[in-house]
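The values are calculated or read from the model by the stated rules, or taken from the named source; none is laboratory data. No experiment lies behind these values; they were computed from the predicted model shown. Here Cβ is always computed from backbone atoms with ideal geometry, including for glycine, and neighbour counts include all displayed protein chains. Heavy atoms of the whole protein, side chains included, go into the accessibility calculation; ligands, DNA and RNA do not. Shrake-Rupley method; radii C 1.70, N 1.55, O 1.52, S 1.80 Å.
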Amino acid sequence: QEEFEGTKSYTRSQDTCEYQYLHGPLCNALHRKLDEFVEGYSELKVGKHQVDLALVDKATDKAKVIFEVKTSDSMSAQLYTAFGQLAYYRHRFGSAETKLFLVLPASTASDFAEAEFFAQANIQVLFGEAGIFENSKGESLEEVLGTIL
């Protein structure tokens, strides 16, 4: 089930603002990339698992890797929310060994100052655009997942 892609609008006072909805396209691109990745891992499946996306162990139905996607223009509040969501999702749907990823639009990479904060919390950050997902070191999603699975 793909997420919504396109534009949305909202009305503030009497003005209607239209904007490009980024969450759906970024989630959908990540889902396609993860579908390709798990072809080499018969014990894993890609699922929503009540989170944005997860790599789920077929035998235990527990998330081995959880991805939270944030795309808001108000990124500061979204980062705090993501931190809490990921901690809760690990507790609820994974285990102490579950790996956590925050996924942000590639356009935010140059302004992202919270890398150390997330690294200390064992949350890896990926930046994505047009189906390409990389960490701040330029390592691809596949490279990063290959080292942790």
Return the only residue of Val56, Val144, Val51 being part of a loop (DSSP other than H, G, I, E, B) and open to solvent by less than 40 Å² (accessible area, probe 1.4 Å).
-> Val51
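Residue-wise test of (1) without any contact (Cβ under 8 Å) to a residue 24 or more places away in the chain; (2) open to solvent by less than 30 Å² (accessible area, probe 1.4 Å); (3) among the hydrophobic types (A, V, I, L, M, F, W, C).
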| residue | (1), (2), (3) |
| --- | --- |
| Ile66 | no, yes, yes |
| Lys70 | no, yes, no |
| Leu79 | no, yes, yes |
| Pro105 | no, yes, no |
| Glu114 | no, no, no |
Criterion violated by Ser110 - all others in (1) open to solvent by 70 Å² or more (accessible area, probe 1.4 Å); (2) closer than 17 Å to Leu34 by Cβ; (3) of a type in the set (Gly, Ala, Ser) satisfied = (2)
Contacts under 9 angstrom Cβ, first residue in segment 123-140 being at pLDDT 95 or above, partner open to solvent by 20 Å² or more (accessible area, probe 1.4 Å) and among the acidic types (Asp, Glu), 6 or more apart | Val125/Glu114; Leu126/Glu134; Phe127/Glu134; Gly128/Glu134; Phe133/Glu142; Glu134/Glu143; Asn135/Glu143; Ser140/Glu134
Among the candidates Gln85, Gln78, Gln50, residue that is over 21 Å from Lys137 (Cα atoms), of a type outside the set (Val, Ile, Thr) and in contact with a Phe, Trp or Tyr (Cβ under 7 Å, 6 or more places away or on another chain) | Gln50
Test set (1) under 22 Å from Ala54 (Cβ atoms); (2) at pLDDT below 95 - Phe101 fails condition number = (2)
In segment 10-42, how many residues are open to solvent by 90 Å² or more (accessible area, probe 1.4 Å) and either under 12 Å from the mean Cα position of the chain (by Cα) or at pLDDT 95 or above (or both)?
-> 4
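Let's see how each residue does on (1) more than 20 Å from Gly128 (Cβ to Cβ); (2) modelled with pLDDT under 95:
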{"site": "Phe4", "(1), (2)": "no, yes"}
{"site": "Leu53", "(1), (2)": "no, no"}
{"site": "Thr60", "(1), (2)": "yes, no"}
{"site": "Phe93", "(1), (2)": "yes, no"}
{"site": "Ala109", "(1), (2)": "no, yes"}
{"site": "Phe112", "(1), (2)": "no, yes"}
{"site": "Ala115", "(1), (2)": "no, yes"}
Can we say Ala109 is of a type in the set (A, V, I, L, M, F, W, C) and in a loop (DSSP other than H, G, I, E, B)?
-> no
What do you reckon, is Gly94 within 15 Å of the chain's Cα centre (by Cα) and either closer than 19 Å to Gly40 by Cβ or open to solvent by less than 20 Å² (accessible area, probe 1.4 Å) (or both)?
-> no
